[in-house]
1. HIS321 versus LYS131, label points 7 Å from Cα toward the beta carbon: distance in nm?
2. Roughly what angle does helix 365-376 make with the longest principal axis of the chain, taking Cα atoms, 0 to 90 degrees, to the nearest 10?
3. For the stretch 1-89, I need the span (max minus min coordinate) of the C-alpha atoms along each principal axis, in Å, sorted largest to smallest.
4. Are there any GluC sites (Glu not before Pro) in the stretch 250-347 that are in a DSSP loop and have at most 10 other Cβ atoms within 10 Å? List them by number.
5. Could you put VAL164, VAL153, VAL326 in order, starting from the residue whose Cβ has the fewest other Cβ atoms within 10 Å?
6. Over what distance in Å are the Cα centres of the stretch 275-312 and the stretch 1-44 separated?
7. Where does helix 33-45 land angle-wise versus the long Cα axis of the chain, in degrees 0 to 90, nearest 10?
8. With +1 on the Cβ of every Lys and Arg and -1 on the Cβ of every Asp and Glu, and nothing else charged, how large is the dipole of the stretch 179-300 about its Cα centre, in debye rounded to the nearest 20?
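No value in this document is a laboratory result; all are computed from the given coordinates. Nothing here was measured: the structure is a model prediction, and the numbers come from that model. Cβ: placed from backbone, ideal geometry, glycine included. Neighbour counts: every protein chain shown.
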Amino acid sequence: MALSDSKLLTRLSNVISIPSISSTLAELDMSNKPIVDYLANELEAMGFACETIPCGDGKLNLIATLGSGPGGLVMSGHTDTVPMNSELWTVDPFTLSERDNRFFGLGVTDMKGFFPLVMAAVEPLLGETFKEPLIILATADEETSMDGAKKLVEMGRPKARAAVIGEPTGLQPVRAHKGIMMDRIRLDGQSGHSSDPGLGNNALDVMHTVITDLMAYRTELKSRYQSDVFAIPYPTLNLGSIHGGDNPNRICGHCELEFDVRLMPGMHMDDVRAEINQRVARITEPKGIGLKMETLFTGVPAFFADENSELLRIAEKLTGHDGISVAFGTEGPYLQELGMDTIVMGPGNIDQAHQPDEYLDQNMIDPCINTLRQLIIAHCVSDK
């Protein structure tokens, strides 16, 4: 049993104990170099050839390769976690804790805990001949900018036949997820005394028109893109927050609207941003209102596994689950862009991520290790 494996428990404990928070707030953001160095040392001891790739600002990707030649299988995860409020935790977030057949710790599910499970899966196979390489990929800043994954696309590496991203999916293979982008519209008018509308140019009045048009655009997107793969089978545009003006007796001089768009496969973020910009500009320019479009989150493209994905077929057979769709974004589109047959599948559940007392059910561990081992055998060890 894997749970009796002291090496596995030690590795789980070690990855949790190494802080690797990524944040858009500079005071919370930290380098992932310590966790990458730890993983590289462990994997080199197992016989992997390890290469670290700088991504800027003290961030690194790790590409660890066992075996050589064309093809191969990637096991991929991100090394960073979200920030946390330690006062809301009942345990130390940076100490692996066990209670009620669960392991607790920041990143145990999302998703540093995946790496020790991959190591446990491959260790019994180290004496085998790898006919295709096994690549363990550890990326930076998935929780913020996706810069680690973007760097890989820029480099065109790694090259492999297939890839599993070990995000928490309840060990169900994911074949699709929506994309996401987040933006802000800022309108600048002219403030003045509210007793005479002619003394200013009301940004809030114009934002009202902009919102009406965005709601019409939302309806257009719904009619243009449909897929019953998703529980919500169309793209969404959410008007998330609005702020403007400073007093009820002053003409509103500025107004900001923040929104997100959940994109379907086939939608491109640059195209959506361009369409929104054109529509808003058509409203603001005739009214003499200043317009600034700001990107809050560059976004993650939508993901859809290859229609004839061999990897998905094998994963469905091994787990007994058909491919599912999920609402959260992953690095899947970037690995797919590198030419890999890609799915998302890992232990734990996404509803445990990004919250106090993050945990991984122990009953997920052995099935995950066994499933990953069978995938490694099928892609890297056995004759095709």
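1. Using points 7 Å along Cα→Cβ, the separation is 2.9 nm.
2. The angle comes out near 80 degrees.
3. 45, 37, 19
4. Here the GluC sites (Glu not before Pro) that fit, given the DSSP loop and packing criteria, are GLU307.
5. Numbers: VAL164 28, VAL153 16, VAL326 21.
Going from least to most buried by this count: VAL153, VAL326, VAL164.
6. 35 Å
7. 20 degrees
8. Values: 12 positive and 16 negative charges, 26 e Å.
With Lys and Arg at +1 and Asp and Glu at -1, about 120 debye.
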